[in-house]
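A short worksheet on the structure shown next.
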Amino acid sequence: MIRFEHVTKRYADGTTAVDDLSFEVAEGELITLVGPSGCGKTTTMKMVNRLIEPTSGRILLDGADIAQGDPVELRRRIGYVIQQVGLFPHRTVLENTATVPHLLGWQRKKARARAAELLELVGLDPAVYGDRYPDQLSGGQRQRVGVARALAADPPVLLMDEPFGAVDPVVRERLQSEFLRLQSQVRKTVLFVTHDIEEAVRLGDRIAVYGHGRIEQLDAPAAVLGAPATPYVADFVGADRGLKRLSVTEIEAGDLEQPPVLHLDDPLPEALRRLESEEARWAVVLDDRDNLHGWVAAEALGSAGGRGTVRDHARRMDAWLPLGASLKQAFSTMLQHDAGWIAVLDGERGDRFLGVLTPARLHEALRRSIGADAVGAERADVELRTVSGV
Ligand SMILES: Nc1ncnc2c1ncn2[C@@H]1O[C@H](COP(=O)(O)OP(=O)(O)OP(=O)(O)O)[C@@H](O)[C@H]1O
């Protein structure tokens, strides 16, 4: 969709802002450009809508060299969101949002209807906020209007330059979640500039980590965190990259442990025999539709004198997650419920019980996924070497 071919930008004073850059953004992909101040992220972005012209090399949009066409025509296909938003102070929120459709000559009614639809999409009720002026909004709301305005003419490409940089961390996280939800609906091709590695990891399908004027690594967030390509990248993503990686590594079926499974109506003697034969101290308990009910301790069954069913001794278990949730969510759920394990369910198939994740399994999953990225293999195929006998 967007292709950089050996693009260099040298400013008049001799500063090389971008140095022989080649990479490609696929249609519907969100690439975050992350790196320290002055490394060329904004220059990269502004060359796409021709606010800055490259010194050499070329940029293709849908296969066509953008330098050959009309910049105004080009910008109609590209939404642009910046940190200072740049809303017109004397125009209402609705008018601000309808700016581009107006410029494109849409009829007033159609432009306003589209603007209202977009405001709704970014979580601002047009009936409440449409007639307000920008200074009557919070910082986070202004950013939302900025995003709505950029999307108003439905451009295939979005350029976002630190769009959430000026709001406090709580609002920022909310805007990120909303933007992820929005992007899953509109699937734009996005270049997103940020200083913040956490933001880059959270939002990007891939992350481009910039050194001075160059991309040091362009890869999926988990790969950048797990297997940094250079010492520079390792340093930039931080010593706690293992921890950060938890949030972008999903629970897979192969990570799970399989404890014995009992059903609520199983008679006690049979249940006890099962646990004894498997030398287990507890079992997961399912209901008659095979949904998770909770768990039962062998000790509780043993002291019951052999009468009744598992139901009489089973305890509820609320610590569970669907397959595909992140390891960070798993860890956080364990802490929240003070649980030594959590159940993992198949959300796609009526919450069927799949297995349990323990802290040891979680650690293994993380190590295996880092190992997999380092050698370019599937996580399930990675064997761990463990210090044994300790
Ligand atoms: N008009 C200009 N003339 C000369 N040098 C410039 C100009 N614009 C940017 N630069 C320099 O080019 C380099 C890259 O700037 P750029 O704005 O692309 O960095 P950035 O990574 O976006 O930084 P930040 O995160 O601080 O916005 C910097 O050294 C900057 O000082």
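The values are calculated or read from the model by the stated rules, or taken from the named source; none is laboratory data. Small disclaimer: the values here were computed from a predicted structure and weren't measured. Positions of Cβ are generated from backbone atoms using ideal geometry, with glycine treated the same way; all protein chains shown enter the neighbour counts. Surface accessibility is based on the protein's heavy atoms, side chains included, excluding ligands, DNA and RNA. Shrake-Rupley method; radii C 1.70, N 1.55, O 1.52, S 1.80 Å.
Things worth noting here:
- The rule of thumb for compact globular proteins, 2.2 N^0.38 Å, goes into the C-alpha radius of gyration of segment 253-365 1.06 times.
- Restricting attention to the chain, the count of lysine pairs at 8 or more positions apart or across chains with alpha carbons under 20 Å apart stands at 5.
- When each of the peptides 102-110, 182-190 is scored by how many other beta carbons lie within 10 Å of its residues on average, the order from highest to lowest is 182-190, 102-110.
- Sum of -39500 (n - 2.57) over DSSP H runs of 4+, divided by residues of the chain (222 nm, nearest 500): -10000 deg cm²/dmol
- Acute angle (nearest 10 degrees) that the helix 108-121 long axis makes with the longest principal axis of the chain, alpha-carbon atoms: 30 degrees
- Per-peptide average of other Cβ atoms within 10 Å, ordering 237-250, 202-215 highest first: 202-215, 237-250
- Radius of gyration (Cα atoms) of the chain, expressed as a multiple of 2.2 N^0.38 Å: 1.25.
- Rg/Rg_ref, segment 44-187, where Rg_ref = 2.2 N^0.38 Å and atoms are Cα: 1.07
- Placing unit charges on the Cβ atoms of the charged side chains and taking the dipole of the chain about its Cα centre, the candidate lying farthest along the positive direction among 308, 136, 147 is 136.
- With the charge dipole of segment 100-240 set up from +1 on Lys and Arg Cβ and -1 on Asp and Glu Cβ about the Cα centre, the Cα lying farthest toward the positive end among the listed residues 100, 164, 186 is that of 100.
- Accessible area (Å², 1.4 Å probe, nearest 10) - residue 299: 150 Å²
- When peptides 46-58, 139-151, 358-370 are ranked by their average number of other Cβ atoms within 10 Å per residue, the highest-first order is 139-151, 358-370, 46-58.
- Alpha-carbon centroids, segment 195-225 and segment 326-385: separation in whole Å: 24 Å
- Nearest-ten-degree value, helix 327-336 long axis tilted from longest Cα axis of the chain: 60 degrees
- The chain: angle of helix 268-277 to the longest principal axis, Cα-based, in degrees nearest 10: 70 degrees
- Given charges at beta-carbon only (K, R positive; D, E negative), |dipole| of the chain in Debye: 1400 debye
- Under 5 Å, built H, 5+ apart or other chain: amide partners of residue 352: 346
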